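Structure first, commentary second.
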Amino acid sequence: MVVDTQLASFFTAGALIVIGIFAALFLDNLIKKVIGLAFIGDGVNLFIITIGYKPGGIVYIFLPDMTVSWFAQNASYPLPFALVLTSIVIGASTLAVMLGLIIILHKKHGTISASKILGE
Amino acid sequence: MIEYILMITAVFGAVLALIQRDLLKAAILTGIPGASLAFLYQYLLAPDVALTQAIVGSAILPVFFALAVYKTRRAED
Amino acid sequence: MNPLIPLMVILPIACALLLNLLHKKDRTVKVLAIVVALVLPIIPLLASYGLHFFGGYYPLSENSAIAGGLPSYITNSALNVFHPAITYSFESAQKIMIFILGLIAFLAIFTSLNETKRPSGVYAFLMFMGTASVTAILLSDDIFNLYVFFEIAAISQVGIVIASGVKKNYETALKYMILGNIAAPMLLLGVAFLLGVTGNVNITDIIYSIKNGIVSPQNPVLLMACGLIVFGWLYGSGLPPFHTIKSALYSKALPHGAALLQAFSVFTFVGLGIIIIRIFSYLPFSKIVIIVISLLAMILGVTMALMQNDIKRIIGYLAVGELGYIGLGLGIGTAFGITAGLFQALNEAIITAFLFLGFGTVLYITKKSDTRKLGGMMIETPKLALVVLLAGFAMAGVPPLNAFQSKLMLIQASIQAEVPELGIIMILISIVTFMTFMRAFYTIYMRPKPPELQITNKNIPKATIISLLVLLAICIILGLYPKIATNYLQVLANSLV
């Protein structure tokens with residue numbers, strides 16, 4: 001069975017999101033939780049990229065020998081890609097803040113188990 | 001064809017990173033989905049995002065995780 | 001083109017960055033922060049209404065220089081009215097909301113600079129960043145831009161909690177961030193669904209596409225997008241299931257920080273709520289969902305508040321409960337109801353800030369926030385006790401204070417919309433709110449002072465008292481002349497119906 005690239009890519013994004021949510025909710029180790037959160041972000045980014053993808057298309061760079069209408073019909077949609085650039089950077093910076101918090105909490109409690117630190 | 005392989009490595013790399021007992025290994029393994037996503041973006045016609053993802057996903061974030069693991073492990077022993 | 005519209009966001013960000021540069025120059029930091037904070041509520045009053053297109057990229061229909069050179073199959077299509085740039089829309093409702101937000105930000109920053117020994121540091125930076133991002137949430141007509149500022153707002157809220165130095169603040173901050181990093185990607189996923197269906201991130205264009213049949217309104221993907229954006233909305237404004245973590249967040253901040261944090265939640269609630277109503281109001285059950293969520297927030301918030309022993313925790317839960325009133329106003333869906341809900345949002349932001357700052361004085365002089373260890377404050381600060389009592393009256397809706405007017409409007413709206421049950425619930429919750437407040441007030445102020453209670457810091461700064469009096473004055477003015485606010489809000493409410 002042939003699955004087209006776009007559909008397979010959507011499923012990959014979904015799988016990454018599900019894996020990430022599972023890890024963030026059910027794993028006890030805080031660093032693994034944060035790794036899971038990174039995967040959620042990756043999954044969402046892949047999803048947005050896949051929206052802009054055009055099967056059999058070209059990269060959205062206008063070269064001098066193209067006509068406008070041919071370019072418009074074949075190029076991928078660049079708006080989602082511009083959004084993902086921002087989103088990747090936001091994701092990385094929030095993860096950095098969380099890891100910093102984990103290091104501080106580890107100094108205080110001597111453990112990185114979520115149930116011991118975050119439990120009442 | 002190669003894009004399907006990249007998708008499978010991304011998902012399996014993610015699972016592999018999460019089932020490691022050694023956190024340092026897990027931190028380094030997060031680079032696998034990061035890097036395969038970067039290549040995948042190239043195949044999905046987004047070369048500029050692929051560049052950013054290659055740097056952030058396969059280099060910066062694993063280093064962040066590894067640093068956090070290193071910091072939290074030293075104090076423990 | 002009005003340059004003051006982007007300035008509302010750019011000025012606080014620029015000031016925040018400058019404050020970091022001037023680290024350790026305490027006097028300069030203090031003067032600069034107070035001057036900029038004072039300017040924040042003035043800008044929206046001076047700015048004139050309109051749209052601002054970043055980079056000057058006007059829609060084709062307003063941009064004859066480009067549209068003239070294009071073939072007619074482009075200019076005759078929907079592309080002609082689409083907005084190519086990030087658009088900020090500044091209308092009358094935004095004017096009054098940003099004014100109130102700026103005022104609360106000014107009072108919070110003013111109080112914090114005078115209560116802390118060393119004004120330089122990240123605290124003022126984070127307050128300015130948060131104010132800028134929430135202002136942008138209110139202004140932005142671009143749903144991805146909104147997501148970016150949503151994330152900045154979340155991080156600066158966490159930062160305000162981290163910088164407070166209250167016990168166990170790091171744990172709460174990390175918990176909030178972990179939940180936030182699940183909820184914010186869900187919001188982004190909702191944005192992605194909308195983008196995938198309509199090919200657009202501009203809210204006006206998305207609505208245009210749905211209304212004009214470019215996109216089928218029955219598309220199930222839109223339904224999923226609605227669900228995901230609502231999930232992000234719940235997180236951003238601390239509605240159930242996030243009410244516990246949100247009130248914990250308030251209680252781990254300093255009083256002036258908490259006063260600002262709750263204003264952020266209220267305005268995030270309003271900003272995102274308006275967007276959800278604008279895009280998804282054609283879905284038959286969207287209003288019912290909003291009403292159910294609001295009722296849950298009211299009931300859970302107030303009942304949880306009854307059981308708490310920490311002052312800040314009590315007000316935090318009451319603040320969540322009060323959010324429910326706004327939601328009910330939006331959910332009733334008539335123009336009058338939405339006006340009432342938005343008016344209630346303004347009132348709640350003011351009154352909760354008032355309560356946080358008012359009880360903050362108790363915290364300032366005793367360094368304790370546990371009601372079981374407090375008492376007899378009436379003798380120490382009799383005048384402040386009266387002011388705090390008035391704040392509690394305002395929250396419960398006692399005339400002639402402002403929340404009375406908005407709650408009355410809400411009840412009238414529920415009767416007009418033929419759902420008087422909601423009105424009855426609102427009155428009941430209002431009574432329980434008042435009971436909760438009076439219980440806290442009694443234990444702190446009226447009962448005899450416990451012998452082990454120490455007064456560590458007798459002198460309350462003048463800045464705090466000025467802030468409290470300003471807030472009281474606004475409460476009374478809005479209570480006597482509600483038309484000042486409702487006239488601004490009516491325009492938006494009419495456009496939403």
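The values are calculated or read from the model by the stated rules, or taken from the named source; none is laboratory data. Note that the coordinates shown come from a computational prediction; the quantities given were computed from them, not determined experimentally. When we count neighbours, we look across all protein chains shown, and the Cβ atoms used for this are built from the backbone with ideal geometry, even at glycine.
Annotation: B:A66 fulfils all but one of (1) closer than 24 Å to A:I48 by Cβ; (2) at pLDDT 90 or above; (3) more than 7 Å from every other protein chain (Cβ to nearest Cβ); the unmet one is (1). Check the stretch C:189-197 and report whether any residue there is more than 7 Å from chain A (Cβ to nearest Cβ), in a helix (DSSP H, G or I) and closer than 21 Å to C:S237 by Cα. Yes, the conditions are met somewhere in the stretch C:189-197.
Among the residues that make up the stretch C:435-449, is at least one of them of a type in the set (K, R) and under 14 Å from C:V388 (Cα atoms)? Step through it out loud before you land on a result.
Initial filter on the stretch C:435-449 (of a type in the set (K, R)): C:439, C:447, C:449.
Next cut, under 14 Å from C:V388 (Cα atoms) only: C:439.
Looking through the stretch C:435-449, at least one residue is of a type in the set (K, R) and under 14 Å from C:V388 (Cα atoms).
One residue alone among C:L79, C:L107, C:L139 is under 18 Å from C:I207 (Cβ atoms), more than 14 Å from every other protein chain (Cβ to nearest Cβ) and not β-branched (V, I, T), and that residue is C:L139.
Can you find a residue that is within 14 Å of another protein chain (Cβ to nearest Cβ), assigned to a helix (DSSP H, G or I), within 30 Å of C:T456 (Cβ to Cβ) and modelled with pLDDT of 90 or more anywhere in the stretch C:111-125? No, because not a single residue in the stretch C:111-125 is within 14 Å of another protein chain (Cβ to nearest Cβ), assigned to a helix (DSSP H, G or I), within 30 Å of C:T456 (Cβ to Cβ) and modelled with pLDDT of 90 or more.
Selection of the stretch C:463-484 for residues being of a type in the set (G, A, S), touching a Phe, Trp or Tyr at 6+ places or on another chain (Cβ under 9 Å) and at pLDDT 90 or above yields C:S467, C:G479. With respect to (1) touching a Ser or Thr at 6+ places or on another chain (Cβ under 8 Å); (2) crowded, with 20+ Cβ neighbours inside 10 Å; (3) not hydroxyl-bearing (S, T, Y), the lone exception for C:K367 is condition (2).
Taking residues in the stretch A:105-120 that are over 17 Å from C:I178 (Cα atoms), and partners anywhere that are of a type in the set (A, V, I, L, M, F, W, C), the pairs with Cβ atoms closer than 6 Å and at least 6 places apart or on different chains are A:H109/A:I117.
Taking the conditions exactly as written (surrounded by fewer than 19 Cβ atoms within 10 Å (Cβ to Cβ) and facing chain B (nearest Cβ under 10 Å)), does A:L27 satisfy them or not? Show your work before the answer.
Values: surrounded by fewer than 19 Cβ atoms within 10 Å (Cβ to Cβ): yes; facing chain B (nearest Cβ under 10 Å): yes.
It is true that A:L27 is surrounded by fewer than 19 Cβ atoms within 10 Å (Cβ to Cβ) and facing chain B (nearest Cβ under 10 Å).
For (1) more than 15 Å from A:I40 (Cα to Cα); (2) buried (at least 17 other Cβ atoms within 10 Å of the Cβ), each residue gets a yes or a no:
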position: B:Y4; (1), (2): yes, no
position: B:I8; (1), (2): yes, no
position: B:L18; (1), (2): no, yes
position: B:A26; (1), (2): yes, yes
position: B:Y41; (1), (2): yes, yes
position: B:V49; (1), (2): yes, yes
position: B:Y70; (1), (2): yes, no
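When each of C:G321, C:G329, C:G337 is tested for being within 16 Å of C:M438 (Cβ to Cβ), outside any loop (DSSP other than H, G, I, E, B) and not acidic (D, E), the lone residue that passes is C:G321. Close Cβ contacts (under 8 Å, 6 or more residues apart or on different chains) running from residues in the stretch B:1-13 that are within 7 Å of another protein chain (Cβ to nearest Cβ) and without any contact (Cβ under 8 Å) to a residue 40 or more places away in the chain to residues that are assigned to a helix (DSSP H, G or I) and of a type in the set (G, A, S) comprise B:Y4/A:A8; B:M7/A:A8; B:M7/A:S9; B:M7/B:S36; B:A10/B:S36; B:V11/A:A15.
Look at C:G227 and say whether it is at positive phi and surrounded by fewer than 23 Cβ atoms within 10 Å (Cβ to Cβ). Let's see the steps before the verdict.
Values: at positive phi: no; surrounded by fewer than 23 Cβ atoms within 10 Å (Cβ to Cβ): yes.
No: the conditions fail for C:G227.
Checking each residue in the stretch C:384-413 for being in contact (Cβ under 8 Å) with a residue 12 or more places away in the chain, out of contact with any Pro (no Cβ under 6 Å at 6 or more places or on another chain), in a helix (DSSP H, G or I) and closer than 15 Å to C:A340 by Cβ picks out C:N402, C:A403, C:F404, C:S406, C:K407, C:M409, C:L410, C:I411, C:Q412, C:A413.
Can you go through A:V59, A:V44, A:V84, A:V97 and tell me which one is within 7 Å of another protein chain (Cβ to nearest Cβ) and farther than 28 Å from C:M186 by Cβ?
Details: A:V44 fails: farther than 28 Å from C:M186 by Cβ; A:V84 fails: farther than 28 Å from C:M186 by Cβ; A:V97 fails: farther than 28 Å from C:M186 by Cβ.
So the residue among A:V59, A:V44, A:V84, A:V97 that is within 7 Å of another protein chain (Cβ to nearest Cβ) and farther than 28 Å from C:M186 by Cβ is A:V59.
The set of residues from the stretch A:72-87 being more than 12 Å from the chain's Cα centre (by Cα) and free of Cβ contacts under 8 Å to residues at least 12 places away in the same chain comprises A:A72, A:Q73, A:A82. One residue alone among C:K175, C:K167, C:K211 is surrounded by fewer than 21 Cβ atoms within 10 Å (Cβ to Cβ), charged (D, E, K, R), farther than 25 Å from A:G14 by Cβ and in contact with a Pro (Cβ under 9 Å, 6 or more places away or on another chain), and that residue is C:K211. Criterion first (under 12 Å from the mean Cα position of the chain (by Cα), surrounded by fewer than 24 Cβ atoms within 10 Å (Cβ to Cβ), part of a helix (DSSP H, G or I) and more than 7 Å from chain B (Cβ to nearest Cβ)) does A:I90 satisfy it? So A:I90 fits the description; yes.
Within the stretch A:74-87, being in a helix (DSSP H, G or I) and surrounded by fewer than 22 Cβ atoms within 10 Å (Cβ to Cβ) holds for A:N74, A:P78, A:L79, A:A82, A:L85, A:T86.
Of everything in the stretch C:439-450 that is part of a helix (DSSP H, G or I) and touching a helix residue (DSSP H, G or I) at 6+ places or on another chain (Cβ under 7 Å), the residue that is surrounded by the fewest Cβ atoms within 10 Å (Cβ to Cβ) is C:M446.
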